[in-house]
Each structure stands twice: as C-alpha cells, then as structure tokens.
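A quick write-up on the structure given underneath.
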Amino acid sequence: MQNLYLDTRKLDESCREAYGLTDEIMMENAAAALENAIGERVKFEPLKNRVLILCGSGNNGADGYTLARRLRIHYDVVVFECTEPKSPLCILQKSRAEKCGTRIFTLEDFTLEFLESTAVIVDCIYGIGFHGLLDEKIRTVLNDVNDIMTYRIACDIPTGIDIDGKVANGAFKADLTVTMGALKLCLYQDVAKDFVGEVVCADLGVGRRLFENSSNFPLKKANLLEESDMMLPHRNNSFVNKGTFGHVVIAYGKKTGAAKIAGEAALNFGAGLVTLVALDNEDADFSSVSEEIMTSTSIPQKVSAIAFGMGLGRDEKDGETIQKYFDFLTANEEIPCIIDADVFYFDGIAEFLNKRCKKVVLTPHPKEFQSLLKICGFGEYSIEDCIMKRTMLIEEFCKKYPKCVLLVKGTNPMIGYFDGRKYNLYVNNFGRPNLAKAGSGDVLSGLIVALLSQKYKCLDATGTASLAHALASHKIDCDYALTPKKLIECVTKL
C-alpha cells in the first residue's frame with residue numbers, strides 16, 4: 001500500500017525543518033523529476049521537438065520556470081506566463097530562466113501555431129491551492145492544448161483540480177502527473193481519473209519515506225491499494241475437501257441472472273460449495289442454473305457466508321424476504337455476509353446494522369449509497385454529493401457502524417473500515433471502463449462472499465476481491481466487450 005494525503009504542504013514544511021532543506025533545493029528536485037519524465041517518456045522528432053510550459057504565479061509556476069532553465073540548452077523551450085509571478089521564488093526563477101535565454105510569452109501572445117511543433121506540454125499553472133473556477137483566458141488555452149495530439153504532463157496536480165478532487169470546466173488533461181513529495185488523495189477521486197493520467201511521485205531531496213515521516217502529526221488520509229496487497233485463495237494444502245473452503249449461500253430473487261453470476265464468481269474464486277436460495281418460494285424456477293451450483297428454498301444448515309440483495313427486488317414481498325435474512329443473520333452473528341443492491345432501499349437495514357454490524361460487508365454504488373445514508377439517518381444527499389463527498393461520508397458511516405466494511409463502488413472504489421479505535425480508507429485505482437456493464441457488481445459480490453466462506457477477515461476479503469475484480473479487467477484488451485462471464489474467466493488467470 002501507498003500513503004495518500006489530503007494536503008502535502010505541511011509535509012513540505014516539516015521536511016524543510018527536519019532535514020534542513022530549502023525551498024530552492026526542493027524546487028530543483030521537482031524540476032529534475034519533470035525533466036527526467038520528459039526525457040524518459042517523450043519521443044522527440046526533428047520537426048516536432050518543442051517543450052511548451054504553462055506557468056502560474058506561485059511556486060507551481062516557479063517549478064515551471066526552473067524546468068525551463070534546465071531544459072533550455074537541450075530543447076526548444078517556450079514558456080507562457082499564464083499569470084504574473086507573485087511568490088518570491090516564482091519571480092526569482094522567472095528571472096533565472098530569462099537570463100538563460102528562455103522565450104517567455106503572455107497569454108495574449110498565444111496562438112495555435114505554437115502547438116504545431118510541440119512535442120510535450122507541461123502544466124505548471126496551479127498546484128494544490130487551486131479552487132473555484134478557471135480564468136477564461138487560461139481555460140481557453142487549456143481547451144486548445146487538450147485538443148491536440150501531444151504528450152501532456154502536469155506538475156503536482158493538473159490545473160483545474162482542487163484539493164477535494166473537484167474538476168473545474170476546462171481542466172488540464174494530463175497523460176502523466178508528476179506529483180511532488182507524496183501522493184495526494186485528490187488525484188484518486190472518481191471525476192479526476194480522466195484528467196490525471198498515470199501518476200508518479202517525485203522525491204524532493206530526500207527519499208519518499210523520509211519525506212512522509214518528517215511530520216510528528218498524523219497527516220495520512222488514505223491508503224492506495226497495490227497489486228501486492230491482493231491475497232488470492234491459492235490452495236497450499238492437499239489434505240482438504242470441499243467443506244474446507246466453505247459453503248456460500250446466495251439469495252435468488254426476481255432478477256435471477258444476478259444470483260447466477262454471483263454464484264459462478266464465488267465457485268470460480270475458491271468457494272467449496274455454492275447454493276442459490278429462493279427463500280420460501282416453492283415456485284422458484286431453477287431450470288437454467290448451472291449444474292455446478294446447488295439450489296434450495298431454505299437456508300442450508302451448514303452455511304459459511306451469505307450474499308444477498310443482487311436481483312432480489314423491492315416490493316413488499318421482497319422486503320419480507322430481506323427481513324428473514326436479517327433475522328437469520330442477527331441470530332447467527334458468526335456468519336459473515338455481504339449486502340448489495342436492492343437491500344439498500346429497504347428501511348430495515350438500519351435496524352439490522354444497529355443490532356449487528358460486525359462481519360458485514362456493504363457494497364453500494366453511489367445511488368444505493370444515497371439511499372443507505374438516508375435510511376441510516378445521515379440525511380439527504382444528492383448522487384453528486386455521494387461521489388464528491390465520498391471520503392467524508394464513508395468515514396462518518398463507518399464510525400457509526402464500527403467493524404462494518406463499506407465499499408462504495410465507482411471509477412476508483414473506496415473501502416472504509418473503523419475497528420473502534422482507528423479508521424482507515426483504502427482506494428483501488430486499477431479499474432478500467434470495460435467494467436461499466438450490468439453484472440460486474442454481481443461478480444464482485446460473488447468474489448467477496450467466496451473469500452468470506454474461506455475464512456478471510458471481512459476487510460481482507462473486500463480488498464482482495466476488489467483488486468481481483470479490477471485487475472481481471474486488464475486481462476482483456478477490448479475496452480467495451482468485457483462481459484460478466486469473461487470477467488470471471490479473467491479472474492481465474494490472475
């Protein structure tokens with residue numbers, strides 16, 4: 001895992017105090033990281049070899065002027081002063097760049113001709129302090145540079161993204177973001193994903209671990225999951241049987257496809273047995289269920305983990321079925337469960353969580369999260385709020401229901417967990433747009449419940465299943481043809 005921070009400016013200050021580094025030393029290292037990124041990632045052509053740098057008025061702009069000075073002898077460097085330098089370092093670094101012969105223009109001089117021979121554009125306009133709306137002139141230039149086929153690098157944070165991850169109209173769209181010192185949480189918000197591109201972290205004069213440990217105050221906000229955090233359910237022992245790996249129960253409702261998909265995912269992710277249960281429904285049609293999966297109209301006597309909500313329905317009779325699952329799980333607190341989909345619209349979920357939130361995994365998407373928050377007494381939020389304020393809302397929810405694992409789906413799913421003493425937030429940024437298809441969430445539910453049945457802790461099961469779900473999407477090249485069935489097959493290739 002990697003640490004994510006809401007604001008790294010306090011870390012900058014702590015680093016200067018702890019290690020005796022000056023702002024200029026840190027700035028030179030920031031510019032060196034940008035210089036290295038250009039050299040490593042941009043292929044220059046004889047007639048297309050310009051580096052165009054957009055500079056602001058603060059220290060982000062100063063990074064740009066420092067970069068221009070460092071590149072001046074090797075490349076055709078053009079700088080656009082998007083706002084007049086104001087910080088002392090920005091004024092100083094602009095002066096140094098000018099003394100090296102760097103060509104510096106204002107936005108009034110900008111024409112599309114400057115872009116015709118440009119190989120890379122570096123955005124150094126605003127850093128972490130941006131908020132509100134972009135100036136019209138800056139927005140116009142950014143729209144132009146976003147439209148051309150060239151490589152775009154953002155310094156620290158793409159211009160137009162604020163500390164909370166909100167994206168202003170006309171924001172810079174980077175292929176690569178070189179963020180300084182430590183990773184920022186705002187770069188991993190859902191709406192920012194199309195603007196940050198690949199994210200790499202640059203050292204500012206000391207190694208990253210020293211930088212992050214320079215403060216005596218807890219500044220970390222979240223954890224970025226890595227592939228190495230995935231703990232696949234490999235079978236290392238031979239003296240085993242199907243019961244060793246647990247018996248999964250999946251509720252079988254009106255939309256039967258959801259349960260079937262979850263069942264196939266659970267079976268393919270290591271569960272020993274899977275039963276689809278149409279609770280107290282003697283008329284249930286199981287004719288199309290795979291012969292690999294068992295069926296029943298009652299919860300089996302021996303059950304290791306339960307998943308319910310996917311395709312159950314929302315009418316009065318469905319509510320009665322949901323309540324029966326709640327009653328069963330309240331009476332059997334040792335059985336872990338995952339709750340998804342239609343259950344988040346059922347008022348009884350608040351009472352259930354008040355009675356039992358341990359060994360419970362919740363996996364709502366933003367609209368379902370909106371309903372869950374309202375039912376559980378957090379107030380009314382718009383779907384946009386559930387996306388933009390997701391980090392805050394997840395923390396509030398988890399602290400009200402300790403030891404409950406909450407995964408809120410999205411472009412970058414977030415997982416919250418409060419053990420009663422310490423709260424942690426985990427972010428998974430491996431997902432691809434080919435996952436945006438009906439049935440993908442049912443696969444995730446099946447993966448989680450499979451691990452629960454194999455005695456994974458709820459947090460470990462959720463994190464590993466989320467990673468497997470996302471990383472499996474990379475096993476198929478096509479960005480639109482990933483079906484739930486193919487996704488399950490890809491999971492088996494991890």
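So how exposed is THR244, as accessible area in Å² (1.4 Å probe, rounded to 10)?
Near enough 60 Å² of accessible area.
Given a 1.4 Å probe and the protein chains all in place, what does the accessible area of ILE104 round to, in Å² to the nearest 10?
Only protein atoms counted, so the area is about 40 Å².
At a probe radius of 1.4 Å, what is the per-residue accessible area of PHE269, in Å² to the nearest 10?
Around 10 Å² of this residue is reachable by solvent.
Sort the stretch 242-361 into rounded, prolate or oblate with this rule: let a ≥ b ≥ c be the square roots of the eigenvalues of the Cα gyration tensor; rounded if a/c is under 1.5, and if a/c is not under 1.5, prolate when a/b is larger than b/c, oblate otherwise.
Taking the square roots of the gyration eigenvalues as a ≥ b ≥ c, the stretch 242-361 is oblate.
Give me the 1.4 Å probe accessible area per residue for the chain, excluding ligands and nucleic acids, in Å².
Per-residue accessible area for the chain comes out at 44 Å².
Expected output is a single nm value to one decimal: the length gained when fully extending between ASP147 and ASP175, i.e. 0.36 nm times separation in residues minus the C-alpha distance. What is it?
8.8 nm
Any chance you could run the full-extension gain for ASP285 through LYS86? It's 0.36 nm times the residue separation minus the Cα-Cα distance, nm to one decimal.
64.5 nm
Regarding the chain, what whole-number volume in Å³ per residue does the convex hull of its Cα atoms give?
Cα-based convex hull of the chain, divided per residue, equals 161 Å³.
Tell me, what % of the accessible area of the chain is carbon and sulfur with a 1.4 angstrom probe? List each step's numbers first, then the result.
Numbers: 10590 of 21950 Å².
Heavy-atom surface of the chain belonging to carbon and sulfur, 1.4 Å probe: 48 percent.
Between rounded, prolate and oblate, where does the stretch 316-428 land on the alpha carbon gyration tensor, with a ≥ b ≥ c its root eigenvalues, rounded for a/c under 1.5, else prolate if a/b exceeds b/c?
oblate
Once you order the gyration tensor axes a ≥ b ≥ c over the Cα atoms, which shape class does the stretch 15-107 get: rounded for a/c under 1.5, otherwise prolate or oblate by comparing a/b with b/c?
Verdict is oblate for the stretch 15-107.
Through the Karplus equation 6.51 cos²θ - 1.76 cosθ + 1.60, θ set to phi - 60°, convert the phi angles of the stretch 275-283 into ³J(HN,Hα) values in whole Hz; use x for Gly and Pro.
10, 8, 10, 9, 4, 6, 10, 5, 8
Tell me, what does the Kirkwood hydrodynamic radius of the stretch 172-225 come to in angstroms if you use every pair of distinct C-alpha atoms?
Final number for the Kirkwood radius of the stretch 172-225 is 12.3 Å.
Share of antiparallel DSSP beta bridges in the chain, in percent to the nearest 5? Can you show the working numbers first?
Numbers: 14 of 66 bridges.
Percentage antiparallel, nearest 5: 20.
Convex hull over the Cα atoms of the stretch 110-260, averaged projected area in nm²?
Values: hull surface 67.2 nm².
Over all viewing directions, the stretch 110-260 projects a mean Cα-hull area of 16.8 nm².
Order PHE328, PHE172 by their accessible area, 1.4 angstrom probe, all chains in place, largest first. If you can, show how the numbers build up before the last one.
Working: PHE328 55, PHE172 0 Å².
Result of the area sort, largest leading: PHE328, PHE172.
What net charge is computed for the residues neighbouring ASP190, neighbours being all others with C-beta under 14 Å from the C-beta of ASP190, Lys and Arg scored +1, Asp and Glu -1?
So the surrounding residues net to +3.
Counting only the backbone N, which residues of the stretch 355-387 are under 13 Å from the spot 7 Å out from the Cα of GLU333 toward its beta-carbon?
Only 355-360 pass the distance filter.
Using only Cα atoms, locate the centre of the stretch 194-212 and the centre of the stretch 109-134, then give the distance between them in Å, rounded to an integer.
One Cα centre to the other: 21 Å.
Order the following by accessible area, largest value first: CYS100, CYS337. Probe radius 1.4 Å; ligands, DNA and RNA are ignored.
CYS100, CYS337
After finding the eigenvalues of the alpha carbon gyration tensor for the stretch 373-493, what semi-axes result from the square roots of 5 times each, listed largest first in whole Å? Write down the numbers at each step before the final one.
Numbers: eigenvalues 140, 63, 25 Å².
Working through the eigenvalues yields semi-axes of 26, 18, 11 Å.
The values are calculated or read from the model by the stated rules, or taken from the named source; none is laboratory data. No experiment lies behind these values; they were computed from the predicted model shown. When we count neighbours, we look across all protein chains shown, and the Cβ atoms used for this are built from the backbone with ideal geometry, even at glycine. For the accessible areas, the whole protein counts, side chains as well, though only heavy atoms, and no ligand, DNA or RNA atoms are used. Shrake-Rupley method; radii C 1.70, N 1.55, O 1.52, S 1.80 Å.
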